[in-house]
1. Let me spell it out: the conditions are (1) surrounded by 18 or more Cβ atoms within 10 Å (Cβ to Cβ); (2) within 14 Å of chain A (Cβ to nearest Cβ); (3) farther than 28 Å from B:L29 by Cα, and B:R240 meets all of them except one. Which number is the exception?
2. Quick one: would you say B:S252 is under 13 Å from A:E38 (Cβ atoms), under 20 Å from the mean Cα position of the chain (by Cα) and either at pLDDT 95 or above or in the same structural domain as B:F304 (by TED's automatic domain parsing) (or both)?
3. Consider B:T86 against the criteria (1) among the polar types (S, T, N, Q); (2) at pLDDT below 95; (3) in contact with a helix residue (DSSP H, G or I) (Cβ under 6 Å, 6 or more places away or on another chain): it satisfies all of them except one. Which criterion is unmet?
4. Taking the stretch B:268-299, which residues are out of contact with any Gly (no Cβ under 6 Å at 6 or more places or on another chain) and outside any helix (DSSP H, G or I)?
5. It is to be established whether one or more residues within the stretch B:54-75 are under 23 Å from B:I250 (Cα atoms), buried (at least 23 other Cβ atoms within 10 Å of the Cβ) and not acidic (D, E).
6. Which condition number does A:E38 fail, the rest of (1) open to solvent by 30 Å² or more (accessible area, probe 1.4 Å); (2) assigned to a helix (DSSP H, G or I); (3) within 13 Å of another protein chain (Cβ to nearest Cβ); (4) among the acidic types (D, E) being met?
7. From the list B:A210, B:A216, pick out the single residue that is assigned to a helix (DSSP H, G or I), closer than 24 Å to B:V144 by Cα and small (G, A, S).
8. Being under 22 Å from B:H215 (Cα atoms), assigned to a helix (DSSP H, G or I) and either within 13 Å of chain B (Cβ to nearest Cβ) or modelled with pLDDT of 90 or more (or both): is that true of A:I49 here?
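The values are calculated or read from the model by the stated rules, or taken from the named source; none is laboratory data. As the structure is a computational prediction, the values presented were derived from the model and not from experiment. Virtual Cβ from ideal backbone geometry, glycine too; neighbours counted across all protein chains shown. Each accessible area value is taken on the protein alone, full model and side chains, heavy atoms only, with ligands, DNA and RNA left out. Shrake-Rupley method; radii C 1.70, N 1.55, O 1.52, S 1.80 Å.
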Amino acid sequence: MNGELESILLNDLKLPADRLAMDGSLHEAGFDSLAIVELSLLLGDRLGIDVSDSDIREAATIEQLDRLIQRKGDEQRARRS
Amino acid sequence: MHNPGDATAAVICGIGAALPSRVVSNAELCTRLDTTDEWIRSRTGISFRHVTGADSSTEDLAVQAAEQALAVAGATSVEAVVLATTTPDRCCPAAAPAVASRLGLTGVPAIDLAAGCTGFLYGLATAVGFISSRTANAVLIIGVDRLSTLPARDDRTTVPLFGDGAGAMVLRRGRLEDDGAIGPVVLGSDGTQAELIQAAHPGSLQMQGAEVFRHAVDRMTSACAQAVAAVGWCMNDIDRLVPHQANARITSFVARQLEVPDSRVLGNVDLVGNTGAASIPLLLAQSASDDRLQAGQRVLLTAFGAGLTWGAVTLTWPELAS
């Protein structure tokens, strides 16, 4: 997993490390509805990546969330350059 | 020698608060709502809230808090009353003249203002205006709400959030360099987002929690930065951040964005829930009485509420009579 994403999940959202499995769902990792908004805000502020709440909600697993953020970051960087 | 009439700052000289005696725990709510203590606490940080019964009104709470603030100020009278509420006992007339008369202040200018949970900060700006325009030398501001009346009785997502209460503050004419002087008041609104928090009448509240969270964080964070810059401080100067108490997750997110450490953030949402316009003066009064807030500390107040409305202001906490 992207180190910055891992840091946000563990240090900012305070999700328990032992529940953070790449093949586990966001719900299993401890996400609730507010955590999805918090993650969206933090991705924008910290990484400059715009990912909507609904996009995050559609990620079925932490691995898909990680890929989604990578893809959005690549797309948005390409658009800016 | 300064002529006192030349002083146009508004300076805090009294603070007070009132809560209804009935306390409703999460466990009690769980007996009638499809929710759990863990669900409520993890999403809101709230464990208890105070709720008025049929025998107590918005005006009763306002009078109780005001009497305490006037006693702390050592004042028997003020020259204007500003009352911020979204939940008055009746739509007409306003509560402020009635509250003023119950306090023995018949004849003074007295107005209500509605700015949701930002009402107290709008009230502060109004009081500063009364003083600088020489309408009054001393102003009583009351923030009071009975937000427990707004949600539908069986709405498990909003009922746990709200409690009832009042907070009051007395401001006197003074000088900008005095401890307790109100700094530049930053205020804002966005009516295009009115539907995020709305209630056509008591018992009909609708709230879009995720969007409210996003706007609350953005607006309070930027209002705080503006208020601190306007007074020439930096965020590291802030000894106490006093955010409107709506949800512990929002306040901790705002504090983290502002890089204000948790040890400098005051809160009471766990014990009182969201008390609307009462939230900030109630938290100030409780914190001053238990020494979490002390004279000389640099304080940053911030709020966000229905409207949308938001605001922030700085001050240095003054020495007050206990």
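1. Result: B:R240 passes all but (2).
2. yes
3. (2)
4. B:N268, B:N274, B:D290, B:D291, B:R292, B:L293, B:Q294, B:A295, B:G296, B:Q297, B:R298, B:V299
5. Among the residues of the stretch B:54-75, not one is under 23 Å from B:I250 (Cα atoms), buried (at least 23 other Cβ atoms within 10 Å of the Cβ) and not acidic (D, E), which makes the answer no.
6. A:E38 satisfies all of (1) open to solvent by 30 Å² or more (accessible area, probe 1.4 Å); (2) assigned to a helix (DSSP H, G or I); (3) within 13 Å of another protein chain (Cβ to nearest Cβ); (4) among the acidic types (D, E) except (1).
7. B:A216
8. Numbers: under 22 Å from B:H215 (Cα atoms): yes; assigned to a helix (DSSP H, G or I): no; either within 13 Å of chain B (Cβ to nearest Cβ) or modelled with pLDDT of 90 or more (or both): yes.
Against the criterion (under 22 Å from B:H215 (Cα atoms), assigned to a helix (DSSP H, G or I) and either within 13 Å of chain B (Cβ to nearest Cβ) or modelled with pLDDT of 90 or more (or both)), A:I49 does not qualify.
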